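Comments concern the structure below.
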Amino acid sequence: MGTLAEIQTIKAGNELHLCAHCGYERGFHTSFIRVNAGNVKPVKPTPTLYRLILICPECGARYDAGWTCTLGEPDSG
């Protein structure tokens, strides 16, 4: 597929399902980019902050709507 396109910032309105680049109308795939946590290693596992990135399945355009989520380490048990 080649190199990834630059991530564009977008604003979500009442609904966000249309790709501004190619017009695809059926929503997006998602990916997560870890927010820079630096080199500090915490003593105990803590949730990690990620940016949620939308990816058009038709043309591969990537969008950042400003959404974040935290993901912790899976329980080992």
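The values are calculated or read from the model by the stated rules, or taken from the named source; none is laboratory data. What you are looking at is a predicted structure, and each value in this text was computed from that prediction instead of being measured. Every residue, glycine among them, receives a Cβ derived from its backbone with ideal geometry; neighbour counts consider all protein chains shown.
What the table shows:
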item: Which numbered condition THR70 misses (of (1) at pLDDT 70 or above; (2) surrounded by 11 or more Cβ atoms within 10 Å (Cβ to Cβ); (3) on the phi < 0 side of the Ramachandran plot); result: (2)
item: Unmet requirement for ALA37, which otherwise passes all of (1) at pLDDT 90 or above; (2) in a loop (DSSP other than H, G, I, E, B); (3) surrounded by 11 or more Cβ atoms within 10 Å (Cβ to Cβ); (4) in contact with a strand residue (DSSP E or B) (Cβ under 8 Å, 6 or more places away or on another chain); result: (1)
item: Region 1-34, residues that are under 20 Å from CYS69 (Cα atoms), surrounded by 10 or more Cβ atoms within 10 Å (Cβ to Cβ) and either charged (D, E, K, R) or at pLDDT below 90 (or both); result: ALA12, ARG34
item: Candidate set from region 56-67 (those that are in a strand (DSSP E or B) and in contact with a strand residue (DSSP E or B) (Cβ under 6 Å, 6 or more places away or on another chain)); member that is surrounded by the most Cβ atoms within 10 Å (Cβ to Cβ); result: TYR63
